[in-house]
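The values are calculated or read from the model by the stated rules, or taken from the named source; none is laboratory data. The structure presented is a predicted model; accordingly, all values stated were derived computationally and were not measured. Neighbour counts are summed over all protein chains in view; Cβ atoms, including those assigned to glycine, are modelled from backbone coordinates with ideal geometry. These accessible areas exclude ligands, DNA and RNA; they are computed on the full protein's heavy atoms, side chains included. Shrake-Rupley method; radii C 1.70, N 1.55, O 1.52, S 1.80 Å.
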Amino acid sequence: MRIGFSVPQFGPFADPGHTARMCAALEALGCHSLWVADRLLAPLTPPEGYPGGAMPARYGTHLDPLLTLGVAASATGRVRLGSSTLNALWQPPLVLARSLTTLDLISRGRLDVGIGLGWMREEYEAAGVPWQGRGARLEETLDVLEAVWRSGTVTHTGPLWTIPPSTVLPQPLQSPRPPLLLGGFTPVALERVGRRADGWLAASMPLPYFDGLWAVARASAERAGRDPDALRRVFRINAHVTRGEAAPADTHHRGTVRQLCDHLRTMCRADTDEVLVDLQLTTDSSEEYLDLAAEFMAELAGGRP
């Protein structure tokens with residue numbers, strides 16, 4: 001199991017100097033990866049579809065995910081750096097490709113590109129991007145990224161974007177491109193993972209639901225002539241750490257460190273499976289954040305059955 005943590009970037013952690021110091025400290029703990037998230041705003045009226053109603057107020061204070069990855073890259077030298085999940089549709093894909101290529105170079109080939117559609121209609125409206133047709137927009141975004149990251153002349157003609165035959169350099173350090181992971185929790189999203197991605201940005205969830213979605217991705221990979229066993233899985237958990245034990249039905253997101261880790265162990269069935277522990281909703285203290293990260297490292301690395 002590979003163990004990763006969220007890059008501190010929300011609420012009280014939204015300070016670049018502080019973020020850099022914490023990324024260096026998290027790397028020193030021995031983790032495998034660090035991941036940024038993406039929010040544009042936190043509506044004062046509860047957005048449709050958010051679990052539990054109102055969003056945490058701290059999501060209204062945030063650092064830009066791509067610039068924050070640059071901070072993390074400069075503060076570290078070993079850990080993988082990824083996005084879980086970058087909302088890919090809020091900027092033109094050619095601009096996105098340029099930013100991601102630059103990040104791969106800054107990090108010396110440590111970038112994992114994790115993108116998705118997002119889920120909040122209000123953010124789409126604020127960004128001036130249509131909510132309807134976002135699946136097709138993501139497909140063409142992936143087409144443009146692939147065109148830019150192939151060696152040789154870059155060209156693309158599609159319903160939304162046109163790139164005339166052009167030179168677009170430099171290329172990413174990783175070849176043929178940085179690993180591409182896709183988020184999503186619907187059969188359509190998992191079909192796309194199997195057909196187009198290197199892996200799935202998953203989440204800690206009840207196992208029956210997870211197994212059904214993963215079966216969709218594997219079947220899609222097989223239909224596309226790809227190896228389903230080569231697909232990566234990164235399990236994100238927005239951990240709410242409690243002192244006392246939580247109800248067993250809640251331990252996919254809430255409970256003691258041991259309970260949360262026990263659930264993650266039931267989901268991680270391969271050595272290449274990865275966990276992403278986000279502690280920004282359970283503490284406002286950098287000291288407690290790092291202490292909890294060390295507890296998760298010790299518990300998960302201990303390999304308890």
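Out of the residues in segment 187-226 that are assigned to a loop (DSSP other than H, G, I, E, B) and at pLDDT below 95, state the one that is farthest from Ala88 (Cα to Cα).
The qualifying residue farthest from Ala88 (Cα to Cα) is Pro206.
Could you please let me know if Arg254 is surrounded by fewer than 13 Cβ atoms within 10 Å (Cβ to Cβ) and closer than 30 Å to Ala14 by Cβ?
The answer is no for Arg254.
List every residue pair whose Cβ atoms sit under 7 Å apart, with the two residues 6 or more apart in sequence or on different chains, where the first one lies in segment 108-125 and is open to solvent by 40 Å² or more (accessible area, probe 1.4 Å) and the second, anywhere, is charged (D, E, K, R).
Once the first residue is open to solvent by 40 Å² or more (accessible area, probe 1.4 Å) and sits in segment 108-125, its partners that are charged (D, E, K, R) give Leu117/Arg134; Arg121/Glu48.
Which of the residues belonging to segment 265-284 are more than 17 Å from Gly30 (Cβ to Cβ) and in contact with a helix residue (DSSP H, G or I) (Cβ under 8 Å, 6 or more places away or on another chain)?
Arg265, Thr266, Met267, Asp273, Gln280, Leu281, Thr282, Thr283, Asp284
Residues in segment 232-251 that are touching a residue at least 60 places away in the same chain (Cβ under 8 Å) and surrounded by fewer than 17 Cβ atoms within 10 Å (Cβ to Cβ): how many?
Going residue by residue through segment 232-251, those that are touching a residue at least 60 places away in the same chain (Cβ under 8 Å) are 234, 236.
So of that shortlist, the ones also surrounded by fewer than 17 Cβ atoms within 10 Å (Cβ to Cβ) come out as none.
So the answer is 0.
Of these, Gly17, Gly49, Gly60, Gly77, which one is out of contact with any strand residue (DSSP E or B) (no Cβ under 8 Å at 6 or more places or on another chain) and on the phi > 0 side of the Ramachandran plot?
One residue alone meets the criteria, Gly49.
Does Ala217 satisfy the condition of being under 23 Å from the mean Cα position of the chain (by Cα), hydrophobic (A, V, I, L, M, F, W, C) and surrounded by 14 or more Cβ atoms within 10 Å (Cβ to Cβ)?
On the way: under 23 Å from the mean Cα position of the chain (by Cα): yes; hydrophobic (A, V, I, L, M, F, W, C): yes; surrounded by 14 or more Cβ atoms within 10 Å (Cβ to Cβ): yes.
So Ala217 passes the test.
For segment 36-66, enumerate the residues that are open to solvent by less than 30 Å² (accessible area, probe 1.4 Å), closer than 15 Å to Glu122 by Cβ and at pLDDT 95 or above.
Listed by number, the list holds a single entry, Asp38.
Please count how many residues of segment 233-272 are of a type in the set (D, E, K, R), more than 29 Å from Leu86 (Cβ to Cβ) and not in a helix (DSSP H, G or I).
Total satisfying the criteria: 2.
Kindly state which strands (runs of 3 or more DSSP E) lie completely within segment 110-178 and contain at least 2 residues that are under 30 Å from Gly77 (Cα atoms).
Fully inside segment 110-178 and qualifying: 111-116.
Pick out the one residue from Ala127, Ala136 that is touching a helix residue (DSSP H, G or I) at 6+ places or on another chain (Cβ under 9 Å) and among the small types (Gly, Ala, Ser).
Of the residues listed, the single one that is touching a helix residue (DSSP H, G or I) at 6+ places or on another chain (Cβ under 9 Å) and among the small types (Gly, Ala, Ser) is Ala127.
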